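The values are calculated or read from the model by the stated rules, or taken from the named source; none is laboratory data. Predicted model only: the values in this text are computed from it and were never measured. Neighbour counts are summed over all protein chains in view; Cβ atoms, including those assigned to glycine, are modelled from backbone coordinates with ideal geometry. These area figures cover heavy atoms from the full protein model, side chains too; ligands, DNA and RNA do not enter into them. Shrake-Rupley method; radii C 1.70, N 1.55, O 1.52, S 1.80 Å.
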Amino acid sequence: ALPAMLLRRHGGQQHLTIPGLLPLLAALALAQEALISPAPAYYPRSLALQSSEAWLSCTDHGGEGRITVSSSVDQGQSWQPLGVIAADPTPHTQLATCALHQLHNGTLLAAYRHHSNCTSARAVRDDLDCAVFRLQVAASYDLGKTWTFLSTMANGSNGLWEPYFMYDPVRKLLRCFYSLELAPPSVSPRPQEIAQQVSPDFGQTWQPAQSAVFTPQARNGMPGVAPLDTPGHWVMVYETTTHYTVFSVHHAVSNDYGHTWRKMGPVYAPPARAGHPHNAGAPQVATTQLDSAQGCRVFVSLMTNDDDADPPPWIQQAYTKVIHTANCSLPLQFPARPQITVAQPSSAWPAVFPAGGHVYAEFGNATGAWLLPQPLDFLF
């Protein structure tokens, strides 16, 4: 059965909230979900392998100072521990926000943040006041069982977070998008942009960072990228702020495999509210492709506190929701509000990923990292 925090109650019964679908059908459609990794486990990011039935998912483990990978051979119905991507038992270090990518030769890459000399204890997931910020890359040559450190993509005294890989087949470049703070932790508020770095040798070396999506007086962060149905066309989702305060989810598009980007506006901006505002953030994106039964559709997962008249604290008491488009034609047309509430508070750092022509959702909460094995595209 679904954990209680995933469900709403309607007439004494618990059901997933899916507007337009009968509660009973919704409950049956998502009657089971799978534990990827038990608590403490955060920020699940999954990947379907190219040449096997296996799915992999990486998670970080808070105060344990490690990032691990789990595997599923039954399309997400069950998961088993597989390997350790990175570990650092040193106090006041942080290993978190992993991302997986498989190269054409089968090699797996994992990017993650590895911050050190932090004034807060490692068990406290507070990324401020670290003296050294790093994004690092590890590689696996045996489908995730063992991992080897490969490179340090970026390091410095400003914040670095939330890497995301894509491959540019025209320029033969591995691209990594991430959140880059433009001022040190001593500055408040701090602007932040989506930066990108490229590697000509599949993650062994990296060229200097360049700006991908910048907004003045804002914190653009949490990038996720997915291909659209025209070759070279990609969509990026990211969170941003209005004068460093209220969070909303926006998107940008590229028509040259991520080389350049054009901001396109909101995916979801919750209704304005004075006092304790509604927020939406931490998005990720995935698409079904033209060879799937549904054609190309865009699915965006996000966190939000928009369901409450008196919103609870942002992030700590967020819902996980999904919003989607009926096709991949530009400009993308998103509905006014998310259509599915996937997880109740407190759920955090959700994601969506493609596998077998479908799109699946995952998230973390106090009990661990979870996957909904039923495809989201079955619910629309």
The one condition TYR360 fails out of (1) under 17 Å from the mean Cα position of the chain (by Cα); (2) of a type outside the set (A, V, I, L, M); (3) within 18 Å of GLY281 (Cβ to Cβ) is (3)
ALA326: passes all of (1) under 19 Å from the mean Cα position of the chain (by Cα); (2) farther than 21 Å from PRO223 by Cα but (1)
The residue that is farthest from MET166 (Cα to Cα), considering only those in the range 356-380 that are open to solvent by 10 Å² or more (accessible area, probe 1.4 Å) and in a strand (DSSP E or B), is ASN365
For the range 127-139, the count of residues that are among the charged types (D, E, K, R) and at pLDDT 90 or above equals 1
The residue from VAL285, VAL342 that alone is out of contact with any Cys (no Cβ under 6 Å at 6 or more places or on another chain) and at pLDDT 95 or above is VAL285
Over the range 171-205, the set of residues touching a residue at least 24 places away in the same chain (Cβ under 8 Å), under 19 Å from HIS104 (Cβ atoms) and out of contact with any Asp or Glu (no Cβ under 8 Å at 6 or more places or on another chain) is ARG171, LYS172, LEU173, CYS176, SER199, PRO200, PHE202, GLY203, GLN204, THR205
Counted residues in the range 231-247 being free of Cβ contacts under 8 Å to residues at least 40 places away in the same chain, touching a Ser or Thr at 6+ places or on another chain (Cβ under 9 Å) and within 19 Å of PHE165 (Cα to Cα) come to 0
The residue that is farthest from PRO331 (Cα to Cα), considering only those in the range 238-282 that are of a type in the set (D, E, K, R) and surrounded by fewer than 22 Cβ atoms within 10 Å (Cβ to Cβ), is ARG273
Checking GLN316, GLN333 in turn, the sole residue that is open to solvent by 10 Å² or more (accessible area, probe 1.4 Å), modelled with pLDDT under 90 and touching a Ser or Thr at 6+ places or on another chain (Cβ under 8 Å) turns out to be GLN316
Of the listed residues (VAL352, VAL342, VAL298, VAL322), the one being without any contact (Cβ under 8 Å) to a residue 60 or more places away in the chain, buried (at least 21 other Cβ atoms within 10 Å of the Cβ), of a type in the set (A, V, I, L, M) and not in a loop (DSSP other than H, G, I, E, B) is VAL322
Residue check: is LEU290 out of contact with any helix residue (DSSP H, G or I) (no Cβ under 7 Å at 6 or more places or on another chain) and at pLDDT 95 or above? no
- [ ] Would you check if there is a residue in the range 127-136 being out of contact with any strand residue (DSSP E or B) (no Cβ under 6 Å at 6 or more places or on another chain), part of a loop (DSSP other than H, G, I, E, B) and of a type outside the set (Asp, Glu)?
- [x] yes
When every residue in the range 139-177 that is polar (S, T, N, Q) and closer than 21 Å to HIS115 by Cα is compared, the one most open to solvent (accessible area, probe 1.4 Å) is ASN155
Those residues of the range 65-77 which are within 21 Å of the chain's Cα centre (by Cα), free of Cβ contacts under 8 Å to residues at least 60 places away in the same chain and open to solvent by 30 Å² or more (accessible area, probe 1.4 Å) amount to ARG66
Here the qualifying pairs (Cβ atoms under 9 Å; residues six or more apart or on different chains; first in the range 264-281 and within 17 Å of VAL300 (Cβ to Cβ); second basic (Lys, Arg)) come out as TYR268/LYS321; TYR268/ARG337; PRO270/ARG337; ALA280/LYS321
Checklist entry - Just wondering, is there one or more residues in the range 215-229 that are in contact (Cβ under 8 Å) with a residue 60 or more places away in the chain, outside any strand (DSSP E or B) and among the aliphatic types (A, V, I, L, M)? => result yes
